[in-house]
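Undergrad: Pasting a structure here, questions to come.
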Amino acid sequence: MEEVIARMQDDKNGIPIRTVKSFLTKIPSVFSGSEIVQWMIKNLDIEDQVEALHLGTLMAAHGYFFPISDHVLTLKDDGTFYRFQTPYFWPSNCWEPENTDYAVYLCKRTMQNKARLELADYEAESLARLQRAFARKWEFIFMQAEAQAKVDKKRDKIERKILDSQERAFWDVHRPVPGCVNTTEVDIKKSSRMKNPHKTRKSVYGLQNDIRTHSPTHTPAPEAKHVHVQIPVINTACFLCFSSKNSLLAYTEQYVEYDPFLTPSDPSNPWISDDATLWELEASKEPGQQRVKRWAFGIDEVLKDPVGREQFLKFLESEFSSENLRFWLAVQELKKRPIREVPTRVQEIWQEFLAPGAPSAINVDSKSYDKTTQNVKDPGRYAFEDAQEHIYKLMKSDSYSRFIRSSAYQELLQAKKKVKNTCRLKVYLVELPKLAIPVKPKNMSNKMAPACRPYQLGADRVSITYYQNVLQVWIIN
Amino acid sequence: MACQGLQGGETVASLKRESESLRKKLEEERKKLSDIELNQVAEKIEVLGPLSIKTRRVLKGHGNKVLCMDWCKDKRRLVSSSQDGKVIVWDAFTLNKEHGVALPCTWVMACAYAPSGCAVACGGLDNKCSVFPLSLDKNENLSAKKKSVAMHTNYVSGCTFTSSDMQILTSSGDGTCALWDVESGQLLQSFHGHTADVLSLDLAPSETGNTFVSGGCDKKANIWDMRSGQNIQSFESHESDINCVKYYPSGDAFASASDDATCRFYDLRADREVAVYQKDSVIFGASTVDFSLSGRLLFAGYNDYTINVWDVLKGTRASILFGHENRVSRVRVSPDGTALCSASWDNTLRVSWAAYL
């Protein structure tokens with residue numbers, strides 16, 4: 001952020017700073033809100049004003065520049081005047097100003113007679129609170145404030161204006177107006193590392209204090225003691241970049257129609273329409289056409305979807321080869337069990353699928369079989385890992401492709417919908433009187449049901465009615 | 001990685017030098033293999049149409065910064081944890097608060113919903129990760145049922161259930177990640193290799209996969225094998241702490257968000273960074289990322305209170321979401337991709353979705 005500020009302050013390309021004459025006084029060293037916005041749009045690749053205002057407001061909230069006549073640190077795109085903060089007060093100096101400093105500052109403010117420097121309500125409250133808290137030290141604080149006020153009076157008027165406003169802005173950041181965000185708050189995960197050795201706990205005004213208020217921060221967590229020397233990992237897989245990027249593209253293109261942020265979902269996105277039909281449909285046993293289509297993307301899609309798994313299992317049962325899938329599912333289940341149950345389950349799976357004479361014997365290559373036999377003696381969650389991998393590859397290359405080509409799957413994909421019995425086509429004619437068809441029965445009124453005049457068009461019975469200027473063609477099948 | 005003791009003649013300094021030179025050599029090798037960038041390959045793809053994302057639900061109820069949230073598999077419920085020590089389970093669709101637990105330690109930095117929807121896990125500055133079963137009885141005191149599962153020597157920064165309610169994976173400020181058995185609290189596997197706090201982790205979205213990625217304050221993102229505890233791949237291209245890591249939906253790539261104000265996209269098979277998402281006007285650190293369902297969009301939450309939506313393939317910014325009044329601590333897309341929830345230091349959670357014109 002400071003880099004941007006430095007650019008802004010640059011003499012040639014930065015924001016022009018000037019002194020404005022207004023009524024009786026001069027306002028030194030200011031620039032307007034709209035100037036900041038313009039500069040940002042031009043120099044920071046920002047497209048619109050909203051973003052520039054947002055960023056600018058943040059910079060103000062962090063204390064890099066401030067409105068000269070407002071405690072609330074925001075940026076407005078108009079003629080409001082702003083001033084840059086002096087680097088002494090920049091957040092990068094890691095100030096954590098004490099309450100004693102704040103007390104001195106508020107006290108000093110009360111000593112200045114100018115009406116426009118009066119304390120705001122929240123500041124007056126803070127002052128009262130601090131007076132109670134520092135009752136014993138108050139004399140010291142008062143003396144400090146007096147001393148500073150004296151020094152200030154000796155300064156040049158213009159310079160004083162600038163310094164006063166900068167000091168005020170500093171406190172606006174560190175003691176924000178109630179309701180404003182305190183930008184000095186740090187993420188506790190970072191602060192507990194205490195990486196920054198420059199963290200300044202010294203007083204802003206150089207006061208020597210023995211009684212310090214306890215800032216509401218945490219106690220630092222103990223540092224890790226051992227020194228890790230990270231040995232770079234030699235990555236084993238290193239495919240050609242081009243092909244893997246293409247596969248990323250392919251994946252995205254394939255799933256675009258399933259992405260509710262890019263394609264409207266059907267039925268509608270429940271969040272938009274307040275209608276949870278989409279979720280109810282997904283929970284039901286009847287898979288929609290889009291869902292079934294997804295199973296063809298890869299075996300993982302079938303295994304991920306409970307209904308897909310069911311259908312796949314049914315298909316395999318019809319081929320008398322369901323033991324592969326059942327084994328795979330059993331091993332997945334095993335890995336999800338609590339560790340206590342693992343040994344028993346391992347035995348059960350072994351007995352069911354792999355032991356000599358097993359009821360649902362699966363075909364594994366001899367190497368995996370041997371390894372598994374070893375693993376079963378000391379059962380752990382990954383006892384069947386090799387066997388499972390082998391079976392997975394088998395299913396992927398063989399059973400899965402047959403499933404996708406099977407008639408059972410194709411039928412689900414077609415998803416024939418029930419056809420309605422009556423289908424009505426409404427035909428609106430503009431100049432009806434010119435029609436030669438004698439359709440209006442004699443005793444028909446607007447409120448009565450239209451009379452039907454059946455015709456036969458091929459195999460379908462068709463009836464044509466005329467009612468309220470509308471020619472209706474009914475096809476009944 | 002194995003941490004052996006110093007051999008004779010070696011010092012920490014000399015080992016560090018050796019490690020640096022090895023690292024440089026690796027980088028050179030990687031560069032030789034690299035060819036054109038992702039966005040060039042993606043030129044043939046259509047540009048995204050104008051994206052209009054609306055925020056219509058605001059979940060209010062936390063008394064302090066919301067630090068973490070997670071969706072339930074039923075696509076409408078979510079759990080959120082906050083600096084005020086509260087963990088709340090919401091039905092985001094109806095805006096109802098369904099459960100609330102008050103924890104003794106106030107900074108609850110991580111929370112996760114169990115796959116079954118029957119429990120939540122949370123952890124933070126208490127160095128522990130605890131699991132709470134969710135009961136249907138509203139009057140029941142959930143804190144009483146608390147089960148302490150993970151124990152670290154520093155704060156818990158992230159936690160997630162694996163494919164079942166029975167195992168939890170945690171990342172911690174003590175530089176390690178660990179896999180725990182929920183029922184017994186036993187440590188099943190620990191993962192050493194980061195040289196500083198680990199801030200985030202994510203499980204690979206694969207039926208057969210056994211890997212996860214973690215990112216930390218050592219600017220590294222590491223891929224781990226859950227079975228052996230080995231660090232199988234490592235990426236170091238960020239210039240500052242990595243705050244969040246998330247897998248691409250296919251599991252072949254992942255994205256990371258960092259304090260250096262960039263988000264980066266890493267391809268696992270090509271073994272390198274393939275895209276950087278940055279802009280001159282984005283100068284605040286990114287704290288969280290998540291992909292949309294197809295992987296085309298990357299939602300990233302920043303410390304400047306905004307969420308930038310990046311076009312993953314083209315590398316450009318598709319949209320920017322305003323609305324939060326303080327840092328965005330977490331963004332998560334719902335399991336079916338229909339909505340995006342963002343948690344923030346302004347004490348609220350917001351749910352947004354795409355509106356079609």
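Undergrad: What number, rounded to the nearest 500 deg cm²/dmol, is the helix-based mean residue ellipticity at 222 nm of chain B, given -39500 (n - 2.57) per DSSP H run of at least four residues and division by all its residues?
TA: Working: 2 runs with 26 residues, N = 357.
It comes out at -2500 deg cm²/dmol, rounded to the nearest 500.
Undergrad: Strictly over 23 Å apart at the Cα level, which of B:Lys146/B:Lys246; B:Lys65/B:Lys279; A:Lys190/B:Lys246; A:Lys314/A:Lys396; A:Lys285/B:Lys73 would you flag in this model?
TA: Numbers: B:Lys146/B:Lys246 28 Å; B:Lys65/B:Lys279 27 Å; A:Lys190/B:Lys246 20 Å; A:Lys314/A:Lys396 16 Å; A:Lys285/B:Lys73 17 Å.
Pairs exceeding the cut-off: B:Lys146/B:Lys246; B:Lys65/B:Lys279.
Undergrad: Which aspartates and glutamates, if any, have their Cα less than 20 Å from the Cα of A:Lys153, not counting same-chain residues under 8 positions apart?
TA: Leaving aside aspartates and glutamates fewer than 8 places away in the same chain, those within reach of A:Lys153 are A:Asp101, A:Glu118, A:Asp164, A:Glu167.
Undergrad: Below 12 Å, Cα to Cα, which aspartates and glutamates can B:Lys314 reach? Residues fewer than 8 away in the same chain don't count.
TA: Within the straight-line limit of under 12 Å, B:Lys314 reaches these aspartates and glutamates: B:Glu37, B:Glu43, B:Glu46.
Undergrad: Moving on. Considering amide H positions built from the backbone, and no H for Pro or chain starts, which residues 5 or more places from B:Cys68, or on another chain, come under 5 Å of its amide H?
TA: Excluding prolines and chain starts, which carry no amide H, the hits are B:Ser81.
Undergrad: Applying the Karplus parametrisation 6.51 cos²θ - 1.76 cosθ + 1.60 with θ = phi - 60° to the phi angles of region B:283-291, what ³J(HN,Hα) value in whole Hz is obtained for each residue in order, glycine and proline being reported as x?
TA: 10, 9, x, 8, 9, 7, 9, 7, 9
Undergrad: Put A:Ile68, A:Ile349 in order of accessible area, largest first, 1.4 Å probe: what do you get?
TA: Values: A:Ile68 35, A:Ile349 5 Å².
The most accessible residue leads, giving A:Ile68, A:Ile349.
Undergrad: To continue, here is another question. Considering only protein heavy atoms, what is the solvent-accessible area of A:Asp121 at a probe of 1.4 Å, reported in Å² to the nearest 10?
TA: Its heavy atoms expose roughly 130 Å² to the probe.
Undergrad: Top to bottom by accessible area (1.4 Å), largest first, where do A:Tyr392, A:Tyr88 land? Could you put the intermediate results ahead of the total?
TA: Numbers: A:Tyr392 30, A:Tyr88 110 Å².
Correct descending sequence by accessible area is A:Tyr88, A:Tyr392.
Undergrad: Determine the order of B:His62, A:His62 by accessible area, beginning with the largest, at a probe radius of 1.4 Å.
TA: On the way: B:His62 15, A:His62 35 Å².
Ranked list, largest accessible area first: A:His62, B:His62.
Undergrad: Counting only residues 5 or more places away or on other chains, whose amide H sits under 5 Å from the amide H of B:Ala339 once H atoms are built in the peptide plane?
TA: Amide H neighbours of B:Ala339, under 5 Å, 5+ apart: B:Ser334.
Undergrad: For A:261-274, what's the mean count of beta carbons from other chains sitting within 10 Å of each residue's beta carbon? Before the final figure, lay out each step's value.
TA: Details: counts 20, 10, 4, 3, 5, 0, 0, 2, 8, 8, 16, 8, 0, 3.
Average per residue, whole number: 6.
Undergrad: So which aspartates and glutamates pass the test for B:Lys86, namely a Cα distance under 19 Å, with those fewer than 8 places away in the same chain ruled out?
TA: A:Asp187, B:Asp70, B:Glu98, B:Asp126, B:Asp137, B:Glu140, B:Asp346
Undergrad: Let me ask you something else. In chain B, if the dipole is taken from +1 on Lys/Arg beta carbons and -1 on Asp/Glu beta carbons about the Cα centre, which of B:Thr195, B:Trp107, B:Gly117 is farthest to the positive end?
TA: Highest projection toward the positive end goes to B:Gly117.
Undergrad: Please say if region B:237-357 is rounded, prolate or oblate, where rounded means a/c under 1.5 for a ≥ b ≥ c the square roots of the C-alpha gyration tensor eigenvalues, and otherwise the choice is prolate for a/b larger than b/c and oblate otherwise? Before the final figure, lay out the partial values.
TA: On the way: a/c = 1.67, a/b = 1.20, b/c = 1.39.
Because a/c hits 1.5 or more and a/b fails to exceed b/c, region B:237-357 counts as oblate.
Undergrad: Accessible area lost on pairing A with B, both sides, 1.4 Å probe, Å² to nearest 100?
TA: Numbers: alone 32110 and 16910 Å², together 40430 Å².
Looking at A and B, the buried total is near 8600 Å².
Undergrad: Sticking with this one: Classify chain B as rounded, prolate or oblate from the Cα gyration tensor: take a ≥ b ≥ c as the square roots of its eigenvalues, call it rounded if a/c is under 1.5, otherwise prolate when a/b beats b/c and oblate if not. Please report the intermediate quantities before stating the final value.
TA: Numbers: a/c = 1.85, a/b = 1.15, b/c = 1.61.
Since a/c reaches 1.5 but b/c is at least a/b, the shape of chain B is classed as oblate.
Undergrad: Here's another thing I want to ask about it. List, in the order given, every pair from A:Lys42/A:Lys76; A:Lys336/A:Lys393; A:Lys108/A:Lys137 whose Cα-Cα distance in the structure shown is over 19 Å. The partial results should precede the final answer.
TA: Details: A:Lys42/A:Lys76 17 Å; A:Lys336/A:Lys393 21 Å; A:Lys108/A:Lys137 15 Å.
Beyond 19 Å between Cα atoms: A:Lys336/A:Lys393.
Undergrad: Mind grabbing the accessible area of A:Met111 for me, 1.4 Å probe, Å², rounded to tens?
TA: Probe radius 1.4 Å; accessible area of A:Met111 about 40 Å².
The values are calculated or read from the model by the stated rules, or taken from the named source; none is laboratory data. A quick note: this is a predicted structure, and the numbers were derived from the prediction, not measured. In this analysis, Cβ positions are derived from the backbone assuming ideal geometry, glycine residues included, and neighbour counts consider all displayed protein chains. Calculation scope for accessible area: heavy atoms of the full protein, side chains included, ligands and nucleic acids excluded. Shrake-Rupley method; radii C 1.70, N 1.55, O 1.52, S 1.80 Å.
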